[in-house]
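Shown next, in C-alpha cells, is the structure this report addresses.
The values are calculated or read from the model by the stated rules, or taken from the named source; none is laboratory data. In this text the structure is predicted, and so the values were computed from the model without any measurement. Positions of Cβ are generated from backbone atoms using ideal geometry, with glycine treated the same way; all protein chains shown enter the neighbour counts. Remember, those area values only see protein heavy atoms, side chains included, never the ligands or the DNA or RNA. Shrake-Rupley method; radii C 1.70, N 1.55, O 1.52, S 1.80 Å.
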Amino acid sequence: MTTSPLRVGIIGLGRIGEAHARTLLDQAGTGTLLLADADPARAQLLAAALDAEACALTDILSRVDAVVISTPTSTHAELLVAAARAGVPAFCEKPVALDVPTTRRVGEVVATAGTPVQIGFQRRFDTGYAAAREAVRAGRLGEVRRVHMVTCDPTPPPAEFVPTSGGIFKDCGIHDVDALRWITGTEVRTVFAQGVARGAGYFGDAGDSSEAVAVLTMSDGGLATLHLSRYNGQGYDVRMEVAGTQGTVVAGLDAHSALLSAEPGVTFPDGEPHGWFYPRFQAAYSAELVAFLDVAAGLATSPASIADALEALYVCEALALSRDLGRPVDVDEIRSR
Ligand SMILES: NC(=O)c1ccc[n+]([C@@H]2O[C@H](COP(=O)([O-])OP(=O)(O)OC[C@H]3O[C@@H](n4cnc5c(N)ncnc54)[C@H](O)[C@@H]3O)[C@@H](O)[C@H]2O)c1
C-alpha cells in the first residue's frame, strides 16, 4: 500500500490516451506522468504540451508504479502480460483481447503475477448508470423484466480502424453487455442478433456490421434488447432503460440525449445532442482513473476485472456468431469452448 503520488505511465496516446493523460495530470494521486507511444514524436509532442515526460516504450514499465494501456485493442494482451511480468498495476482499455483464449491466457498470467488490473468499462462510473444499478439493487424497480440498451455513434470510424476493432459487438456492444451484467446482477444466457453492413463498403469487407440489433435472454428470465449503430444522424446516443414490475429508470436520458420527440409541442430533450464519447463520458473517464490510482496504490480492489471482461466477451462472441449463423446462440456454447 502506498499513499504518496505515483509515477504513472501511459502507453498509446491516440484519441483516448491523450484524454487519459490530461485527466491524470489533474489528479493528486499522480506524481510523475510518463508518456510512450509507438510513434515517439507523438509522445514528445504531448509531453511538451502537458509538461509531462516522454519515455521510450522499452523503458516505461521499469520506470512507473502504474500504467494505463490505451493502444489499439490488438496490442492490449501483450502489454497487459508485460505489465504483469514487470509487477506493474495496469488500467487497460476494453476489450482485453479479441478472442477468448487470449483473454483467458492474460487472466492467468495476471493472476499468477498478482498485480491488479482494471478494465476501462467507464459506464460503471457514469452517474446515470450507477443510479440505475442502485435502483435495481435497492428493489425500487421491483423485479427487472426488460432492459433496452443503445450505443449509437454519430459517424463511422475510419476504414483502417474497422478490421482490427473486433467488430461492432466487441468494440461497442461490450460496454452495454458489461453494464447489463453490472446493473442487473444477472448473466446473459442466450442471444439472437442480426446485423447489416450499410454505408461505407469497409464494414462488409471486414465481415462487420454498421447496424445491429439483438435480443438477449437473462439467466433469471429477463429480456434485453440491444441497438448498435455507426450512423446515428441525431448524435451520440448511449442509453439504458431498465424496466421492472414497480418502475422504470433510464440512464442517459437528459437534455442532451440524441433524441427528438415526434409529439407536437414537446421540446424535451432541448439541449445540444451529445456529439461523441467525449464529453458524454468525461466525468466517468475521470472517475475510473481516480479509482485506478487507488487500485494501483493498494487502497482498493479493481472495480472492473479481467474476469468481467471475459464474461462480456463471451456474450459479444455469441452475438457475432448468432448474426453470422442466423440463429440464437447459447452463451455456454462459447464459454465451454
Ligand atoms: N472506453 C471507451 O469509451 C473507449 C473510447 C475510445 C477508444 N477506446 C479503446 O481505446 C483503445 C485505443 O483507441 P483510440 O481510439 O484511442 O486509438 P487511436 O488509434 O486513436 O490511438 C492509438 C495510439 O496507440 C499508438 N500505438 C499503436 N500501437 C502501439 C503499440 N504497440 N505500443 C504503443 N503505442 C501504440 C498509436 O500510435 C496511437 O497513438 C482501443 O482499444 C479502443 O477500443 C475506448
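Scanning the range 171-185 for residues that are more than 9 Å from the ligand (Cβ to nearest atom) and open to solvent by 20 Å² or more (accessible area, probe 1.4 Å) yields ARG181, TRP182, THR184, GLY185. A count restricted to the range 1-49 and to residues that are over 23 Å from the mean Cα position of the chain (by Cα) and of a type in the set (Asp, Glu) stands at 1. Beta carbons closer than 8 Å, at least 6 apart along the sequence or on distinct chains, pair a first residue in the range 251-272 that is free of Cβ contacts under 8 Å to residues at least 40 places away in the same chain with a second that is open to solvent by 70 Å² or more (accessible area, probe 1.4 Å) and aromatic (Phe, Trp, Tyr) for ALA255/PHE268; SER261/PHE268. Tell me, please, whether a residue that is touching a residue at least 60 places away in the same chain (Cβ under 8 Å), open to solvent by 10 Å² or more (accessible area, probe 1.4 Å), closer than 25 Å to LYS170 by Cβ and in contact with a helix residue (DSSP H, G or I) (Cβ under 9 Å, 6 or more places away or on another chain) can be found in the range 31-39. No - not one qualifying residue is present in the range 31-39.
Looking across the range 110-126, the residues that are away from the ligand (no atom under 16 Å from the Cβ), assigned to a helix (DSSP H, G or I) and out of contact with any Leu (no Cβ under 8 Å at 6 or more places or on another chain) come down to ALA111, THR112, ALA113. Taking the stated definitions as given, is ALA283 in contact (Cβ under 8 Å) with a residue 60 or more places away in the chain and within 14 Å of the ligand (Cβ to nearest atom)? For ALA283, the condition - in contact (Cβ under 8 Å) with a residue 60 or more places away in the chain and within 14 Å of the ligand (Cβ to nearest atom) - is met. Those residues that are open to solvent by 20 Å² or more (accessible area, probe 1.4 Å) and within 15 Å of the ligand (Cβ to nearest atom), I need them from the range 1-18; list them, please. Across the range 1-18, the qualifying residues are GLY14, ARG15, ILE16, GLU18. Screening LEU35, LEU98 for residues that are modelled with pLDDT of 95 or more and either away from the ligand (no atom under 12 Å from the Cβ) or not polar (S, T, N, Q) (or both) leaves exactly one candidate, LEU35.
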